[in-house]
2 protein chains.
Amino acid sequence: MTRAPGHAIRPKTFHAIVEAAIRLLNSNVDATMSEVARAAGVGRATLHRHFRTKADLLRAVGACCIEEMNAAVRAVDDAGMPASDRLYAMLRTVIPLGDRYAFLQFDTSGDEILRAGYQAQLDWTTALVEELKTEGAIGQDVPTRWAVAEIDQLIWVAWTAVSEWGLSPDDTATLAQRTLLRGLGTFPLDTGQSA
Amino acid sequence: MTRAPGHAIRPKTFHAIVEAAIRLLNSNVDATMSEVARAAGVGRATLHRHFRTKADLLRAVGACCIEEMNAAVRAVDDAGMPASDRLYAMLRTVIPLGDRYAFLQFDTSGDEILRAGYQAQLDWTTALVEELKTEGAIGQDVPTRWAVAEIDQLIWVAWTAVSEWGLSPDDTATLAQRTLLRGLGTFPLDTGQSA
DNA sequence: CAAGTATGAGACATTTGTGTCTCATTTCGT
DNA sequence: ACGAAATGAGACACAAATGTCTCATACTTG
């Protein structure tokens, strides 16, 4: 990214910086370069040596996180599965990762690379929604963008449920999927048990 | 709030500052005091005279907005109505107001007054959810907090739909209510018209 | 109209974060 | 172990934002 010629970075240093930045950014989006350096146990000069500006650091860390997240989804995704199962698999995978990636929500840099990574997520979700529509799990009358946006938001709600309310990732993913596809209402068809 | 003794504020000045702050904060959460003053057509000294610190300004503006929002909901709320109608009324009212109040989403001040105002909203929504549960519109098995959080988030999704995608507030509120209570899925009971 | 007072303009000190640079020290590869 | 190179510590310049203050001007009220 911003490699000075004659200044390679040691993997250990790089890792320490990125991990510290992620940890710090999730507790305070406005973390300073000094704070990141201190948290990484690294000199401020070293930090600036490898990420010349703060924008460079945020871009690198953000891109790294988005890529991780996309990779995690790809790892559990199987185009052969029913779309509703793919939805569940994605939710189950992504929800517990919120602790690590929550700061991405507040990115206002407008950086092109982050934008592209986020767009890749949206594209994936869009394709999934289209498939859910084909399967009849989502109504044809629902605007695809609407469904995509709701899925996106619900991930954060679910993450809150896990991290702050102590719900299990399994239960939460199930609840999220149910909420998305069938809403919060009772199920009149199931057994007639509901009022 | 931060009235110096012997320095009353002219209503026009106060109004100009608050409106400029709202407008500016919605396009950039990190707007500076100078920018607010300039946008308000007011001297920087005057701004500081009435809101000594930036925190004072944000608190005042935020509290003002939350109060406006709560008042708008109260104005269309009728405890005698069915809860699902009250939900719709709230959504229909709040969604178009997003342009004005979106910046509140990004408040990280942790201010007590804002916290209290936001809590009041949550309390209102919580009571509504309880009622929806009683009516059977929301399943007893759904955690109330979950429902409240989803309603909260969906308002922002809906606001995006109106402001960026050009959906009508009526359609969007209907879509939001349907999404909440019955999900994005097709309606097997309705008429069989859906695929 | 006249007095009182809110306002505008701008200077000022302070603080905080950023980014650069140097040099001694430590670490790593050969 | 030796030499190259990455690192740490700290000084430095710089920019931007905050908050204070003064004084002349414009407005409002009685």
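The values are calculated or read from the model by the stated rules, or taken from the named source; none is laboratory data. Bear in mind that the values here come from a model prediction, so they are computed numbers and not experimental data. So basically every Cβ, Gly included, is an ideal-geometry build from the backbone, and we count neighbours across all protein chains shown. Side chains included, ligands, DNA and RNA excluded: accessible areas come from the protein's heavy atoms. Shrake-Rupley method; radii C 1.70, N 1.55, O 1.52, S 1.80 Å.
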Subset of the stretch B:157-176, residues closer than 20 Å to A:LEU184 by Cβ and open to solvent by less than 40 Å² (accessible area, probe 1.4 Å), comes to B:VAL157, B:ALA158, B:ALA161, B:THR172, B:ALA173, B:LEU175, B:ALA176
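What's the total number of residues in the stretch B:38-52 that are more than 9 Å from DNA strand D (Cβ to nearest atom) and on the phi < 0 side of the Ramachandran plot?
Kept after step one, since they are more than 9 Å from DNA strand D (Cβ to nearest atom), are these residues of the stretch B:38-52: B:38-42, B:50.
After this cut, where a residue has to be on the phi < 0 side of the Ramachandran plot as well, the list is B:38-40, B:42, B:50.
Result for the stretch B:38-52: 5.
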Q. Residues in the stretch A:65-74: is at least one within 16 Å of DNA strand D (Cβ to nearest atom) and open to solvent by 40 Å² or more (accessible area, probe 1.4 Å)?
A. no
Quick count over the stretch A:55-73, residues being among the small types (Gly, Ala, Ser), in contact with a Ser or Thr (Cβ under 7 Å, 6 or more places away or on another chain) and closer than 15 Å to A:ALA102 by Cα, is 0
Here the residues within the stretch B:75-91 that are free of Cβ contacts under 8 Å to residues at least 60 places away in the same chain and either open to solvent by 50 Å² or more (accessible area, probe 1.4 Å) or closer than 30 Å to B:ALA37 by Cα (or both) are B:ALA75, B:VAL76, B:ASP78, B:ALA79, B:GLY80, B:MET81, B:PRO82, B:ASP85
Within the stretch A:1-26, restricting to residues that are within 8 Å of DNA strand D (Cβ to nearest atom) and open to solvent by 70 Å² or more (accessible area, probe 1.4 Å), the one that is nearest to A:ASP99 (Cα to Cα) is A:PHE14
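When the stretch A:48-105 is examined, which residues are found to be aliphatic (A, V, I, L, M) and over 18 Å from the mean Cα position of the chain (by Cα)?
Keep residues of the stretch A:48-105 that are aliphatic (A, V, I, L, M), which gives A:55, A:57-58, A:60-61, A:63, A:66, A:69, A:71-73, A:75-76, A:79, A:81, A:83, A:87, A:89-91, A:94-95, A:97, A:102, A:104.
Across the stretch A:48-105, the qualifying residues are A:ALA55, A:LEU57, A:ALA79, A:MET81, A:ALA83.
Picking from B:VAL61, B:VAL94, B:VAL29, B:VAL36, which residue would you name as being surrounded by fewer than 18 Cβ atoms within 10 Å (Cβ to Cβ) and of a type in the set (A, V, I, L, M)?
Numbers: B:VAL61 fails: surrounded by fewer than 18 Cβ atoms within 10 Å (Cβ to Cβ); B:VAL94 fails: surrounded by fewer than 18 Cβ atoms within 10 Å (Cβ to Cβ); B:VAL36 fails: surrounded by fewer than 18 Cβ atoms within 10 Å (Cβ to Cβ).
From the options B:VAL61, B:VAL94, B:VAL29, B:VAL36, the qualifying one is B:VAL29.
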Counting only helices (runs of 4 or more DSSP H) wholly inside the stretch B:97-195, the ones holding at least 3 residues that are within 12 Å of chain A (Cβ to nearest Cβ) are B:112-135, B:144-165, B:169-182
Just one listed residue, out of A:LEU104, A:LEU58, A:LEU91, A:LEU122, is of a type outside the set (S, T, N, Q) and within 16 Å of DNA strand C (Cβ to nearest atom), and it is A:LEU58
Considering the stretch B:22-54, residues that are away from DNA strand C (no atom under 14 Å from the Cβ) and in contact (Cβ under 8 Å) with a residue 40 or more places away in the chain, and then whichever is nearest to B:SER109 (Cα to Cα), we arrive at B:VAL29
